[in-house]
Amino acid sequence: MYILENFFKALRLFIRTHVDLDIDIKLPMIKHHINGHIRFYSTKDLQNVVEKLVEDLTIVERCSWSSDYTSIWLKKELWTSTVMKEILISGCKYGSNDDHQGTVVSVSSDECNDSVTCLRIALLKEAIQNMAKTNGYTIGSNGLHLLVSKKNKPCNDNLILCGNVVCNVTAKQYKQRKQEAITKMSANRIESDEYPIDIISKLCHASIVYELLSVRHCKVINTECDTSNKDSGIFIMYNYSRLCQVWKAYEKGVIENHYEPLPDIGSINFGLLTSKEEWILILNHLSVFPLVIQQSVEHLLSANVDVHRLCKFLMEMSSAVSLFYHRHHILSDPISSLLPLMYARLYLVKSSIQVYENVFQLLGIEAVSEM
């Protein structure tokens, strides 16, 4: 069981036991200018509970109560080190669970032509299968049969309805159009026409997956209405690539004896990660990922999935990574006084890369580590 899930359960049990109240816990986002605490709302007077909460839950540093909500600050160093260890020990399994172990499902589709809608159906089907397996389901033929289709069939309780994609071209033309746009963007960026075709292909696929799956599966998508000239899939991959380049530069420095190898995680002082950007990335994204996985398919047996929730997580995490990257210098000169903070940030980089790659695997996206 993951640390955030453990804490939420312990907190809910504590409040239910002491004030007979079920609470809805909120994680703050950086745009709200809240300094990384956990909040839950209640009209009951919880003043007498606050001190006992700190005593009973050792991960809590302090908390405060106002007229309608309670704010909880966690022991950041302990929380961070626990999350980092979970991610790096679990690796590609981080976020997976056995909640539905022994439950067999099959996922099929009834559409097969060269429309963009059918492309969306194929991508949705793959993502559902990947997410089901991550939540302990077995993909087989002897269990519940789920059908992904654009045709609304009221008599089929196991239908996962896929909304149409309004697009005036075929899937092949749609992919070609995407590839041309990304090729042009890449050429402008490096001022060359020699951008590797395999990277272009992977970026193209990432862009398509995000565009077609980031909207709830039953909703219609109109690709002709997007005039923003922004490609969210490319933004996500660009921020993943940034972290990979930092890690690659560090490894190169180790080979050249510019840096020492990364110390064991047990010797790292994560209390040095004091900025709002670092804490939001740790608490709201790295910690939350397992819950996102659980919630995305918790109603799968009722033919209800939330693949778009995973896409939203990926975009919000990328925004947090972008802020962290721009506001903090990760690699420093190999001066002893600067190294402890650099090592802590490198573990944050390494953990973030792992979470990115786990999400990519679920969505069927190939990672691009250099752009």
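The values are calculated or read from the model by the stated rules, or taken from the named source; none is laboratory data. What you are looking at is a predicted structure, and each value in this text was computed from that prediction instead of being measured. As a convention, Cβ positions derive from the backbone with ideal geometry for all residues, glycine included, and neighbour counts pool all protein chains shown. Protein only, heavy atoms only, side chains kept; ligands, DNA and RNA dropped before computing areas. Shrake-Rupley method; radii C 1.70, N 1.55, O 1.52, S 1.80 Å.
Some values worked out for this structure:
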quantity	calculated
Among the residues listed as Thr70, Thr138, the single one being open to solvent by 10 Å² or more (accessible area, probe 1.4 Å) and of a type in the set (Val, Ile, Thr)	Thr138
Matching residues in segment 295-320 - criterion: being open to solvent by less than 30 Å² (accessible area, probe 1.4 Å) and out of contact with any helix residue (DSSP H, G or I) (no Cβ under 7 Å at 6 or more places or on another chain)	Ala303
Check on Val305, without any contact (Cβ under 8 Å) to a residue 12 or more places away in the chain and either touching a Gly at 6+ places or on another chain (Cβ under 6 Å) or β-branched (Val, Ile, Thr) (or both)	no
Residue count for segment 104-117, restricted to those that are touching a strand residue (DSSP E or B) at 6+ places or on another chain (Cβ under 7 Å) and either over 14 Å from Cys162 (Cβ atoms) or not in a loop (DSSP other than H, G, I, E, B) (or both)	8
Every residue from segment 141-186 that is assigned to a loop (DSSP other than H, G, I, E, B), open to solvent by less than 60 Å² (accessible area, probe 1.4 Å) and touching a residue at least 60 places away in the same chain (Cβ under 8 Å)	Asn158
Residue satisfying all of: in segment 3-13; open to solvent by 30 Å² or more (accessible area, probe 1.4 Å) and either in contact with a strand residue (DSSP E or B) (Cβ under 7 Å, 6 or more places away or on another chain) or of a type in the set (A, V, I, L, M, F, W, C) (or both); farthest from Ile38 (Cα to Cα) among these	Leu13
Test result for Arg16, without any contact (Cβ under 8 Å) to a residue 12 or more places away in the chain, open to solvent by 20 Å² or more (accessible area, probe 1.4 Å) and in a strand (DSSP E or B)	no
Which listed residue is assigned to a helix (DSSP H, G or I) and open to solvent by 20 Å² or more (accessible area, probe 1.4 Å), from Ala132, Ala122, Ala127	Ala122
Residue in segment 328-341 that is touching a Pro at 6+ places or on another chain (Cβ under 8 Å) and surrounded by fewer than 21 Cβ atoms within 10 Å (Cβ to Cβ) present	no
Flag for Ser318 being among the polar types (S, T, N, Q) and closer than 22 Å to His258 by Cα	no
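Per-residue answers, yes or no, for (1) assigned to a helix (DSSP H, G or I); (2) closer than 24 Å to Ile25 by Cβ; (3) in contact with a Gly (Cβ under 7 Å, 6 or more places away or on another chain):
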position	(1), (2), (3)
Gly266	yes, no, no
His285	yes, yes, no
Ile293	yes, yes, yes
Glu298	no, yes, no
Leu341	yes, no, no
Ala344	yes, no, no
Met371	no, no, no
